1. Provide THR63, THR104 in ascending order of the number of other Cβ atoms located within 10 Å of each residue's Cβ, fewest first.
2. Using Cβ counts within 10 Å as a stand-in for footprinting exposure, how do ILE67, ILE61, ILE130 rank, fewest first?
3. Return the lysines within reach of LYS19: Cα separation strictly under 18 angstrom, same-chain partners fewer than 8 residues apart disregarded; answer none if there are no such residues.
4. Compute the distribution of all C-alpha to C-alpha distances in segment 2-99, in bins of 10 Å from 0, and list the percent of pairs in each, rounded to whole numbers.
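Throughout, read-outs are computed from the coordinates displayed, never taken from laboratory work. The shown structure was predicted, so the numbers you read here are calculated from the model rather than taken from an experiment. All Cβ positions, even for glycine, are placed from backbone atoms using ideal geometry, and neighbour counts span all protein chains on display.
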Amino acid sequence: MKSDKRVESNKTNILNLKKLLMDICKDPSDFDKVLFENSLKSQGGLSKIECTERGIIKSSINTLKRISPLILDGGFEELDKIRVMAYKSLCKKDSNSNEQNSSTKTGLNNRIKELELQLMESKKSQLFLINAINEDLKSFNQIKNSTTHSLRQSFAENSIKRLSSFSLLSPDFMNIGDNNSNVFNIDRNSNEQK
């Protein structure tokens, strides 16, 4: 019975730790940069975080690795990815505050460059998604006009794969290139012959 309570306590601890990391990612300015940046540099540092007001206690890295798969879909790897994101958010906040003082000419120029880059990335994303929608419309028409069940299933599987790759969490989606090379092209002719 003791071990069950300890496992439940570790599960709660990991969920609280994940929430802390997500909160750091969302708004790093709410957190003590020095304290958390040092803790988030490594996996070992992550296990040593202690924050009583958030219900987080120190644990061992082995405990985190053992218990994480019980409550997180991605297991410890998921927790570690969020740790890295939180660490980068804290570091970026610090560099932004140094470089983007809008009361200086250099700060204003840096801000303009950042906004221009964001605008360019938004335009790329928009073009990418328009192209993806057009491709999906073609795929749905092919599915609708397919003569056999196996052909419909093949087209549907290809469409599902394509749409899944556009998930905002997909690395393929996040790294949009200039030539939209991440768009899958379905070889319809090879499927027609099945």
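1. THR104, THR63
2. ILE130, ILE61, ILE67
3. List returned: LYS11, LYS33, LYS41, LYS48, LYS58, LYS65, LYS81, LYS88.
4. The calculated distribution, bin by bin, is 16, 51, 24, 7, 1, 0.
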